[in-house]
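Here the structure comes first, spelled out in structure tokens, and everything after it is commentary.
The values are calculated or read from the model by the stated rules, or taken from the named source; none is laboratory data. Here the structure is a predicted model, which means the values were calculated and not measured. Note that we place each Cβ from the backbone using ideal geometry, even for glycine, and neighbour counts take in every protein chain shown. These area figures cover heavy atoms from the full protein model, side chains too; ligands, DNA and RNA do not enter into them. Shrake-Rupley method; radii C 1.70, N 1.55, O 1.52, S 1.80 Å.
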Amino acid sequence: PFPEEQGGAPGDGPEVLARDIASGGYGLSDPAALHIFVSEGLRVLTEHAACGVPYLRDAAGGYRTYATLGMSYPRVGEVKHDGAGLTLSLRKELLHRGALLVEDVAITGLVLNRDGVQGAWGTSNGGDTGYVFIAPVVILACGAATELYPLRSASFPTTGDGYRLALEAGARLRNMEFVEFTVIPCVRGVPLASGGIKPTLAAGATLLNGKGERFLSRHDPALPENTTRSVLVKAVVGEMRQGRGPCAVDASAVERPTSLLKCLAEGQGLDYRRERIPLSPGVHAFLGGVWTDPYGRTGVPGLFASGETAGLNGVFGADRVGGALAVCQVLGAVCGREAAAETRLRHRAEAKEVRRNARCAKAGFPHGNAAGPLDGSEVLRKVHQLAETVGVARTGMEIEQGAAGFNGLYREIAGVISAASDADPKWGLKFFELQNLALTGAAVALSALARCESRGQHWRLDCPQSDPAYTGWVVVEQEGGLKSKL
């Protein structure tokens, strides 16, 4: 069991947590990765607390926790200053251990030969300096592709760079159809990137439709506001489609304001005790990504992947019950240990060299042309339009249109890049990211086409039921073009 003196709930433990996650993942969780996650979690938590991560404690000294969507016990730890408190503490520890940080650099390619990965190359974000990193092992931890959709819960947009790098190196993707959607505040018509609604629901808020009804009780009578995220999002979209929107959060009963409520009060002037918070569906995370084993190996020698780039290593399957940051922390640590061990087995003549040369910038990434036939903002608008075909609710016909549109856009961008090699380097980087979004969209669409059922975060209106024939993973690979298979 989880120690009660550290904040564990009576009756809770690794096996109970694993059951919650596997059940919430609709049978598609990677069992080996899930086992390592629940077994190693408490140890990594203790290590990070020793590194200075400011976890909040209760009066007895145990970790202060709350229950998130789909959980049977409170398990999510609270950190002072939220994500910033976690990130800055671990960054400080990284610097203390003498790590070399090279910041504001976009990695746009991997150095490869017949022995696998040799390193990586890229450019500064300004596009004026190229970099080549020679290393025996590379770990892809680039996040997902949240900028694929116009509305997102994260404030920092990611563009699918890790997916492209992995595919070009010969790795595969899995579970890309399981894009995790959530509901985000849309106050006075302005969407607010908020990091998710779950802490506010856990604090006692309720969801109401346009008629003032607590509609979630129709979808999950036992755990209405604590249901799984896929049920919550589908319920909100269903209310809107049936004319009972807009849906909103009633947080008047929340005693201690969450970070979201503080943000709304300070940034939007919203009095959550008297005003309801309007909601809109938006992307939250990707549950699919680079296919790895539980230790982060991709199958390409010298190439590892972790975090959301690796689809959280398949821990959550078709829907997420539990914290994504926890998986990043636990399996990220496991991946780091395995990668460190791998470096001792792979021999490289220049294992720690970093080359810096302004002349490398031209070779560092494909270039775009600000005055060319494509406009970056217009391309992004097309990406967002095509993303509607693989939104919360999907149909086979729409998905086919999306797959064709994303593939066409990918080729169109490639033509502009190759024809404008002497253009402004900063535009080259922007078009590189846009092309990555098109590639990601195509991967999501092809995976959604291959899964002719509804399961978790994948909701097909033309195949509304789950089908036992689809209990495997959908895999995407790039061999003579992007292809998917179950």
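Observations, loosely collected:
- Qualifying residue in region 410-420 (condition: in contact (Cβ under 8 Å) with a residue 60 or more places away in the chain and not β-branched (Val, Ile, Thr)): no
- Condition check for Gly85 on (1) open to solvent by less than 40 Å² (accessible area, probe 1.4 Å); (2) in contact with a helix residue (DSSP H, G or I) (Cβ under 9 Å, 6 or more places away or on another chain): one failure, at (2).
- Taken together, the residues in region 114-134 that are surrounded by fewer than 18 Cβ atoms within 10 Å (Cβ to Cβ) and assigned to a strand (DSSP E or B) amount to 1.
- Test set (1) open to solvent by 40 Å² or more (accessible area, probe 1.4 Å); (2) small (Gly, Ala, Ser); (3) at pLDDT 85 or above - Ala363 fails condition number: (3)
- If the condition is being assigned to a helix (DSSP H, G or I) and either in contact with a helix residue (DSSP H, G or I) (Cβ under 7 Å, 6 or more places away or on another chain) or basic (Lys, Arg) (or both), then region 373-395 contributes Gly376, Val379, Leu380, Arg381, Lys382, Val383, Leu386, Ala387, Thr389, Val390.
- Within region 450-465, residues that are without any contact (Cβ under 8 Å) to a residue 24 or more places away in the chain and under 15 Å from Gly317 (Cβ atoms) have Cβ atoms under 8 Å from residues that are open to solvent by 10 Å² or more (accessible area, probe 1.4 Å) and among the aromatic types (Phe, Trp, Tyr) in these pairs: Glu453/Tyr470, counting only partners at least 6 apart in sequence or on another chain.
Yes/no per residue for (1) over 17 Å from Phe316 (Cβ atoms); (2) more than 24 Å from the chain's Cα centre (by Cα); (3) of a type in the set (Asp, Glu); (4) open to solvent by 40 Å² or more (accessible area, probe 1.4 Å):
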residue: Ala9; (1), (2), (3), (4): yes, yes, no, no
residue: Gly24; (1), (2), (3), (4): no, no, no, no
residue: Ala33; (1), (2), (3), (4): no, no, no, no
residue: Thr46; (1), (2), (3), (4): yes, yes, no, yes
residue: Tyr55; (1), (2), (3), (4): yes, no, no, no
residue: Asp58; (1), (2), (3), (4): yes, yes, yes, yes
residue: Leu69; (1), (2), (3), (4): no, no, no, no
residue: Val76; (1), (2), (3), (4): no, no, no, no
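- If only residues of region 466-486 that are among the hydroxyl-bearing types (Ser, Thr, Tyr) and over 19 Å from Val315 (Cα atoms) are counted, the one that is modelled with the lowest pLDDT is Ser484.
- Residue identified as among the acidic types (Asp, Glu), at pLDDT 90 or above and crowded, with 23+ Cβ neighbours inside 10 Å among Glu177, Glu213, Glu168: Glu177
- For region 284-300, the set of residues classified as farther than 25 Å from Ser153 by Cβ and not in a loop (DSSP other than H, G, I, E, B) consists of Arg297 only.
- Test: residue in region 105-113 that is surrounded by fewer than 16 Cβ atoms within 10 Å (Cβ to Cβ), part of a helix (DSSP H, G or I) and not small (Gly, Ala, Ser): no
Yes/no per residue for (1) within 15 Å of Val190 (Cβ to Cβ); (2) touching a Phe, Trp or Tyr at 6+ places or on another chain (Cβ under 6 Å):
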{"position": "Glu239", "(1), (2)": "no, yes"}
{"position": "Gly243", "(1), (2)": "no, no"}
{"position": "Pro246", "(1), (2)": "yes, no"}
{"position": "Asp250", "(1), (2)": "no, no"}
{"position": "Ala253", "(1), (2)": "no, no"}
{"position": "Arg256", "(1), (2)": "no, no"}
{"position": "Leu261", "(1), (2)": "no, yes"}
{"position": "Gln268", "(1), (2)": "yes, no"}
{"position": "Tyr272", "(1), (2)": "no, no"}
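- Looking across Ala438, Ala445, one residue alone is in a helix (DSSP H, G or I), over 16 Å from Val392 (Cα atoms), open to solvent by less than 70 Å² (accessible area, probe 1.4 Å) and without any contact (Cβ under 8 Å) to a residue 60 or more places away in the chain. It is Ala438.
- Between Val53, Val44, the distinction of being more than 20 Å from Ala222 (Cβ to Cβ), among the β-branched types (Val, Ile, Thr), touching a helix residue (DSSP H, G or I) at 6+ places or on another chain (Cβ under 8 Å) and part of a loop (DSSP other than H, G, I, E, B) belongs to Val53 only.
- Single residue of region 371-411 satisfying the filter (open to solvent by 70 Å² or more (accessible area, probe 1.4 Å) and among the small types (Gly, Ala, Ser)) that is farthest from Leu482 (Cα to Cα): Ala371
- Pick from region 259-283, criterion over 26 Å from Met240 (Cα atoms) and under 25 Å from the mean Cα position of the chain (by Cα), ranking: surrounded by the most Cβ atoms within 10 Å (Cβ to Cβ): Ser259
- Here region 136-148 is the region considered, the condition is being open to solvent by 10 Å² or more (accessible area, probe 1.4 Å) and in contact with a helix residue (DSSP H, G or I) (Cβ under 8 Å, 6 or more places away or on another chain), and the residue that is nearest to Tyr470 (Cα to Cα) is Gly143.
- Candidates Gly288, Gly282, Gly296, Gly269, filtered to the one that is at positive phi and either among the β-branched types (Val, Ile, Thr) or touching a residue at least 40 places away in the same chain (Cβ under 8 Å) (or both): Gly296
- Beta carbons closer than 6 Å, at least 6 apart along the sequence or on distinct chains, pair a first residue in region 7-35 that is closer than 18 Å to Arg320 by Cβ with a second that is open to solvent by 60 Å² or more (accessible area, probe 1.4 Å) and part of a loop (DSSP other than H, G, I, E, B) for Asp20/Ser72; Gly27/Thr471.
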